[in-house]
Amino acid sequence: MSHHHSDKSHKAGTLDQEALAEAYNQALALEKAGDLDGAAKAYQLVLEIDPDDHGGAAVRLASMGRGVVPPKAPDAYVATLFDQHAEMFDTILVDQLGYDVPLQLREMLLEIDGEFHAARMLDLGCGTGLAADALDDMAIHKTGVDISENMIEIAYEKDDYDALFVGEAVRFLESTGEDRWDLIVATDVLPYMGDLDRFFAGISTHLQSAGYFGFSSETQPDDRFAGREFMVGDYQRFAHAQSYVEALLAKHDMECIGCANITVRSEQGAPVPGHLYIARRK
């Protein structure tokens, strides 16, 4: 795991923004033109200028099959990505990308228990609150966490949560003193994480015995994984092998009680395949 700066110590203002923009745009242009070697060199330059990687150069390199698969998407990149889209987020995700994973999660929970109800729900990567909308009547007290401040502001205005925190999911789980939850959800979070070990360890620590963990992931055909546990797919998002997810759940005292093949979203008109999991804490 790389070392972490305190979240706000590296304000983008200390960067040479013009040089960064120029290097990034050149890398994108080379990638579009099909010159992957040239693009890879250009993305390396981007990383030298901006080690925190606001532009996600590390995941772009992996997406092109260059460089190692990073253990996660850089925090600065994920925060920037979602801060930029916050105002339009619901419209883009739901209307344009056909995103309805929270509603599919609702259906799965009701299949397990027609009267499904949780006293306390934690929504990691809550965004603007789509899961709180979908599961509104299923939980009494709702806590939301997101790395994007702009997203949290919108969720706050919608008033769907009883508590909201700005922060990265793993760090939140490793530092929070809140009581345990009996439902933890993380829809569309795994595509920004590679290695899931610390994440699942944190979930397990904060989930009541017999509590539920509902989450989605993106996937790829087995031959593309080529034996890897996770990889970066064509659109800079991480895909996870089902065998890896299930093995890690078991390692952290959670039992997979449901896994459905779903379409996570559409990307450039094509369906993106994924899984929707429900696990129960032992």
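The values are calculated or read from the model by the stated rules, or taken from the named source; none is laboratory data. Not measured: the values here are computed from a predicted model. Glycine also receives a Cβ, built like all others from the backbone with ideal geometry; neighbour counts cover every protein chain displayed. Note: accessible area is taken over every heavy atom of the protein model, side chains too, but ligands, DNA and RNA are not part of it. Shrake-Rupley method; radii C 1.70, N 1.55, O 1.52, S 1.80 Å.
Cross-link partners among aspartates and glutamates for K282, C-alpha distance below 18 Å, same-chain residues fewer than 8 apart left out? Straight-line reach from K282, under 18 Å: D113, D179, D182, D197, E246, D253, E255.
Computed over the chain, the per-residue total of -39500 (n - 2.57) for DSSP H runs of n ≥ 4 gives a 222 nm mean residue ellipticity of -11000 deg cm²/dmol, rounded to 500. With K and R counted +1 and D and E -1, the other residues having a Cβ less than 11 Å from that of V78 yield a net charge of -3.
What does the charge add up to near Q96, with Lys and Arg as +1, Asp and Glu as -1, over the other residues with Cβ less than 13 Å from its Cβ? Result for the local shell: -3. P(r) tail, the chain: Cα-Cα pairs separated by more than 23 Å, 54% of all pairs. Other residues lying with their Cβ under 11 Å from the Cβ of H141 contribute a combined charge of -2, Lys and Arg counting +1, Asp and Glu -1. Considering only protein heavy atoms and a probe of 1.4 Å, how much of the accessible area of the chain is carbon and sulfur, as a whole percent? Of all accessible area on the chain, carbon and sulfur atoms account for 50 percent.
Could you do me a favour and compute the accessible area per residue for the chain, 1.4 Å probe, result in Å²?
Values: 13160 Å² over 282 residues.
Here the per-residue accessible area is 47 Å².
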